[in-house]
Amino acid sequence: MIPLQDATGFQATRWPELVAALALALLIVVWIVRTRRSSDVFVRRIPGLEAVEEAVGRATEMGRPVLFIPGMDSMDETGTLAAVNILGQVAARTARYETRLLVPCRDPIVTNVAQEVVRAAYTAEGRPDLYRADDVRYETYGQFAYAIAVQGIMLRERPATNFFFGRYYAESLIMAETGNLTGAIQIAGTDSDSQLPFFICACDYTLIGEELYAGSVYLSREPRLLGTLKAQDMAKAIVIVALLLGSLATATHLWTRP
Amino acid sequence: MSTDLGVWVAAFFTLAIFSSLYRDNPVYRFAESLLVGVSAGYYLVQYAYSALYKKLWIPVVQDQDWGLLFGGLLGLLVLGRLHRRTEWLARFAIAFYVAAWAGYLIPSAMKAQVLEQIAGTWLSPAGSVPLGAAVNEVLLLVGVISILVYFYFSREHVGALGVASRLGITFLMLGFGASFGYTIMGRITLLIGRFQFLFDRWLGIGPSSGGV
Amino acid sequence: MPRPWWEHALRLDRRLLFVAVALAVAIPVLFPLGLPVVPGKESRDFFAALEQLQPGDVILFSFDYEADSRAEMDPMTRVVWRYCLGRGVRIIALTNYAGGPGVAEPYIELATKQLGQVYGEDVVFLGYNPDYSGTILRLGESFRATFPADQYGRSTADFPLLQRANRYADTKLIVTIAASSLAEYWTIWAHGKYDAKVIAGATAIQAVHLYPYYQTGQVSGFLGGLKGAAELERLAELPGDATRGMDSQTTGHAVIVLFILLGNVAYFAQRRRKS
Amino acid sequence: MKTTLPILFGFLVGLVMFVQYFFSHPSLQRTYNLVLDWKQIVFGMMLILGTIGLVRHHGVRIQRRERAWGYSAVTLSGLVAVILAGVGGGVQGGPYAWSFENVQSPMQSTIFALLAFYVASAAYRAFRARTVHATLLLCAGIIVMLGRVSIGEMLGFSVGDARYSLAGLSGWILDVPNLAAKRGILIGVGLGVSATALKILLGIERSYLGKGD
């Protein structure tokens, strides 16, 4: 079925991915080592993330909870992992301000991880007493059933701040419009390109695509993670060069696309 | 009017959900609470049946497929979460779930989301496509590059970088507006579907019976 | 002093907007307006693939959607089934969704009970197989091996239809009506690897992704959302829910656009007064 | 220790999955299938655990007679009824299928259809020519909306054989700027995904396990 190259069964058509993956790994390792030595990596301003502090502060002033939605997908999607990392940063702030944090989850594995992450953040801030396991809980796996469960929380608990991070599908607008109706400050970040337009229209700030992945680095400023951000930027520069050189070569008949 | 009890139940819940558009009310809240319970129960049964019964019990008991028992062991570790002292055991299951797929994602995301997209953006050989198509190809290339510049994090977006990044936002906004406009069509179709159900199947006043 | 009109418009109670949308969509459902439907090139190519079928030809039909997308997908399925069965074309059906069998059942009944087709000879429903990528790839080798039993648990080796047609090469056409990326996967694997001819019905949202495949000829034709379904109904001369729905679609869009314009006029009126 | 061992275990499995992507050796294929099955089993167990948490949450609310505890009772009875129907009567046909067809499915379709209203109110609010970017969003949105219905074909003009219509313009926006936006995002996300996955595999990213103790 698949063209074999030798007895080991190495698939010859998959060389490009192998090279690309190893190159990215190399970039990451190199930049982590470099940022360890001097940790002053510049990161451009991302307004949605600058606003996180203020948004949690506002909920504190109003005496209302903060709502965090970690997306619709399970832990095997890296977008969810990025969301959970941001959750850790948000939880550290709600612990500091002594503000209630609600995290209803759709996916049971995400529920588990979110509980661990929130508890760890509360412990690290010295406030393990404030952590309420019941506020980080599984609702239901049904897509739209989950969406109206969240809608119900927004209408009745009236959170002053809503965070939407991770991967989303059609239900995104049900949640974001309801949050808009209740007058909450809303910050979203997703790598689901089909849902970005709705978050942009209904939220105060929206992180677009890769900005979601930069989010936890931006908030934590951990040198180890800053290095990987730099590596991603280098990879983008390589992609741009590949786009330009490849186009030049194909357009001028120097080289034919395989 | 329909004489089918199921249609009446379905119509009741349809209207209950629509009532939330006016405002939160007890009927809506009843429907919402019921749906959360019913769907949680539905998925529990589905996964218990397809994952634990069909993927674990049947293959192990009938076909002696012992390899799956290890999955069963990982599954048991999950239950460690029920007690504080055994909680950490569940980390094996979580680390497995996250890392196993990560290993597969590295090359597959590289291929589908990066390499193939680069190849798809390269220009066609000069003279092989009509002028209009060639202009579109160049615009596409410019758009993709400027958006990548917008995502560049470790430099201040000033000067040439700033110009390119603003061009990137322009492409993004046009694209978002287009997807938004396009999606409205599908959403209205869903609403039409609910009205056709209410008028045709429940009240029986629509011009069609809603059959195939 | 009474508030100027634009302030009312800018602070519009959104329930007013909801009522307007509801009326704009509901009224044409009850009283169709009969607005014209002009088939686009993608839909004409989709129909051309159906038109070329001869009595006795076999097609593979995939129900790649579940109950929540029925409003958009069912009209397409209805026309394809009625048109093909009406012309003596045989259908081997399957689904790549766990919830697909419930959606497919009415069509199997349509074929066997209403249109008098013989199950096993004229039409077969293979049912659902998890792992769509594996399913699509393995079907190219053998239908019977991929689905040893049909939806109802009967051995597929016993059906005359599957003795005649056991791989893509034995069928004239693959039709996928898909609410997700399944249409793309049929294209990439069934066409790309086995050179099968594929046409697709897609939701309005997914249809955007099919243009590149259509331009390169990997998909021979496709339908996009309710508009595509209405165009197919028009081409096949089998008007139904999609044609009727297109009126609501048009009035619904028109109302939303009018409100957007109103919002902008009010916004500029306010800005002018403030400056 | 309680974090390192799980990370090490995850690393080994992840490495196997990485390697198997490049080889078609039958034993690696078999491992790949096994890992997928294990994932499903773990997911199934997690779902049971999550449901236990859900029952506990609502049970406590009922027990303590908290505000609006009656709705918790509704949720719990729905949950129990469906589980009994599924376990007692089987998943094909019977009360289980009836409740899916007449309770769950119409409600889900209706929630999905609520989007027609929400999309309208979001567009009404956001599609205003406040800034250059908002104007671009507005114009692209309206052109595509009208281009996709009958009006789009009618609004236009012909020059010789060529027809320029709103439908054509909306097609161009979808094919060129929209495709560029999607592709640019996709490439950025692809790099983010691969980098994150690499971090997981290399053990740099371990926050998802909470703090080690």
Report task. Sequence neighbours fewer than 8 away in the same chain don't count; with that in mind, list the lysines whose C-alpha is under 19 Å from D:K182. Result -> A:K236, B:K111
Query raised in the report: If you line up the long axis of helix D:105-126 against the longest principal axis of chain D, both from Cα atoms, how many degrees apart are they, to the nearest 10?
Result: 50
Query raised in the report: How large is log10 I(q)/I(0) at q = 0.11 Å⁻¹ when the Debye formula is applied to the Cα atoms of chain D, each weighted equally and without solvent?
Result: -1.09
Query raised in the report: What per residue convex hull volume, in Å³, do the alpha-carbon atoms of the stretch B:103-152 yield?
Result: 74
Query raised in the report: How long are the semi-axes of the ellipsoid equivalent to the stretch D:22-98, from square roots of 5 times the Cα gyration tensor eigenvalues, in whole Å, largest first?
Result: 38, 19, 7
Query raised in the report: Computed over the Cα atoms of the protein assembly as shown, what is the ratio Rg over Rh, Rh following Kirkwood?
Result: 0.94
Query raised in the report: Between chains D and B, what is the buried accessible area summed over both chains (1.4 Å probe, protein heavy atoms, nearest 100 Å²)?
Result: 10100
Requested in this report: Calculate the mean, over all residues of peptide D:52-64, of how many other protein chain Cβ atoms lie within 10 angstrom of the residue's Cβ.
Outcome: 3
Query raised in the report: For the stretch D:76-153, which trypsin sites (Lys or Arg not before Pro) are both in a DSSP coil and crowded by at most 16 other Cβ atoms within 10 Å?
Result: D:R130
Report summary line: Scalar couplings 3J(HN,Hα) for the stretch B:163-176 by Karplus 6.51 cos²θ - 1.76 cosθ + 1.60 (θ = phi - 60°), nearest whole Hz, x for Gly and Pro, are 4, 4, 5, 5, 4, x, 4, 4, 4, 4, 5, 4, x, 5
Query raised in the report: Considering the alpha-carbon set of the stretch A:69-214 alone, what are its Rg and its Dmax in angstrom?
Result: 13.9, 40
Query - Whole-Hz ³J(HN,Hα) from phi, Karplus 6.51 cos²θ - 1.76 cosθ + 1.60, for the stretch C:204-221, glycine and proline x - result: 3, 6, 6, 4, 3, 6, 8, 3, x, 6, 6, 4, 8, x, 6, 10, 6, x
Query raised in the report: What is the distance in Å between the Cα centres of the stretch C:179-229 and the stretch D:1-66?
Result: 34
Report summary line: Rounded to a whole number, the mean other protein chain Cβ count within 10 angstrom for residues of A:194-207 is 6
Query raised in the report: For C:Q117, which sequence-distant residues (separation of 5 or more, or a different chain) have an amide H within less than 5 Å of its own amide H, given hydrogens modelled in the peptide plane?
Result: C:T112
Query raised in the report: Can you tell which of A:A160, A:A120, A:A83 shows the greatest fluctuation in a Gaussian network model of chain A with Cα springs below 10 Å?
Result: A:A120
Query - Tail beyond 18 Å, pair distance distribution of the stretch B:129-212 (Cα, percent) - result: 65
Report summary line: Sequence order, the stretch D:96-104: Karplus ³J(HN,Hα) from phi using 6.51 cos²θ - 1.76 cosθ + 1.60, θ = phi - 60°, Hz rounded, Gly and Pro as x, gives 4, 5, 4, 5, 5, 5, 10, 10, 6
Query raised in the report: So which trypsin sites (Lys or Arg not before Pro) in the stretch A:121-198 end up in coil per DSSP with only 16 or fewer other C-beta atoms within 10 Å?
Result: A:R132
Query - Translational D in µm²/s for the stretch C:184-261 (Stokes-Einstein at 37 °C, 0.692 mPa s, Kirkwood Rh from C-alpha pairs) - result: 235
Requested in this report: Identify all lysines with a Cα-Cα distance to D:K39 below 18 Å; exclude those on the same chain that are fewer than 8 residues away in sequence.
Outcome: B:K54, B:K55
Query raised in the report: Is the stretch D:130-213 best put as rounded, prolate or oblate by its Cα gyration tensor, with a ≥ b ≥ c the root eigenvalues, rounded for a/c under 1.5, and otherwise prolate when a/b is larger than b/c, oblate when not?
Result: prolate
**Report entry** Taking all pairs of distinct alpha-carbon atoms in chain A, Kirkwood radius in angstrom
**Finding:** 20.1
Report summary line: Which residues qualify? For C:A149, with a placed amide H closer than 5 Å and at least 5 residues away or on another chain, they are C:T156
Query raised in the report: In the stretch B:1-66, if every C-alpha pair distance is counted and binned at 5 Å from zero, what percent goes to each bin?
Result: 4, 15, 14, 14, 12, 10, 9, 8, 7, 5, 3, 0
Report summary line: Result: in the stretch C:41-239 the number of Lys pairs with C-alpha under 20 Å apart, spaced 8 or more or on different chains, is 4
Query raised in the report: Which of the chymotrypsin sites (Phe, Trp or Tyr not before Pro) found in the stretch B:33-130 are loop residues per DSSP with 11 or fewer other Cβ atoms within 10 Å of their Cβ?
Result: B:W66
**Report entry** Calculated [θ] (222 nm, deg cm²/dmol) that DSSP helices of n ≥ 4 give over chain B, each run adding -39,500 (n - 2.57)
**Finding:** -22000 deg cm²/dmol
Report task. For peptide C:47-59, compute the average count of partner chain beta-carbon atoms within 10 Å of each residue's beta-carbon. Result -> 0
Report summary line: Whole-Å distance linking the alpha carbon centroid of the stretch B:92-136 with that of the stretch B:1-67 is 37
Report task. Kindly express, to the nearest 10 degrees and within the range 0 to 90, the angle between helix D:166-175's C-alpha long axis and the longest C-alpha principal axis of chain D. Result -> 40
Query raised in the report: How big is the gap, in Å, between the Cα center of the stretch A:96-149 and the Cα center of the stretch B:151-189?
Result: 32
Requested in this report: Find the percent of Cα-Cα distances in the stretch C:41-239 that exceed 22 Å, and round it to a whole number.
Outcome: 40
Requested in this report: Using only the alpha carbon atoms of the stretch D:1-66, find the Kirkwood hydrodynamic radius as the inverse mean reciprocal pair distance, in angstroms to one decimal.
Outcome: 14.9
Query - Percentage, to the nearest whole number, of Cα pairs in the stretch C:13-140 over 16 Å apart - result: 71
Report task. May I ask for log10 I(q)/I(0) of chain B at q = 0.11, 0.14, 0.15, 0.16 Å⁻¹, from a Debye sum over the Cα atoms as equal point scatterers with solvent left out? Result -> -1.08, -1.05, -1.05, -1.08
Report summary line: Sorted by chain and number, the residues with a modelled amide H under 5 Å from that of C:G201, at a separation of 5 or more or across chains, are C:T176, C:I177, C:A178, C:L223
Query raised in the report: Using alpha carbons only, how many degrees (0 to 90, rounded to 10) separate the axis of helix C:100-109 from the longest principal axis of chain C?
Result: 70
Requested in this report: Report, please, the projected area of the stretch B:132-178 averaged over directions, based on the convex hull of its C-alpha atoms, in nm².
Outcome: 3.5
Report summary line: Taking only the alpha-carbon atoms of the stretch C:135-275, the convex hull volume per residue, in cubic angstrom, is 171
Query raised in the report: Once you mark the trypsin sites (Lys or Arg not before Pro) that are in a DSSP loop and have at most 16 other Cβ atoms within 10 Å, what is the longest gap between them in chain B?
Result: B:86-154
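The values are calculated or read from the model by the stated rules, or taken from the named source; none is laboratory data. In this text, all values refer to a predicted model and were calculated from it rather than measured experimentally. Methodologically, a virtual Cβ is constructed for each residue, glycine included, from the backbone with ideal geometry; neighbour enumeration extends over all protein chains shown. Keep in mind that these areas ignore ligands, DNA and RNA; they rest on the heavy atoms of the full protein, side chains included. Shrake-Rupley method; radii C 1.70, N 1.55, O 1.52, S 1.80 Å.
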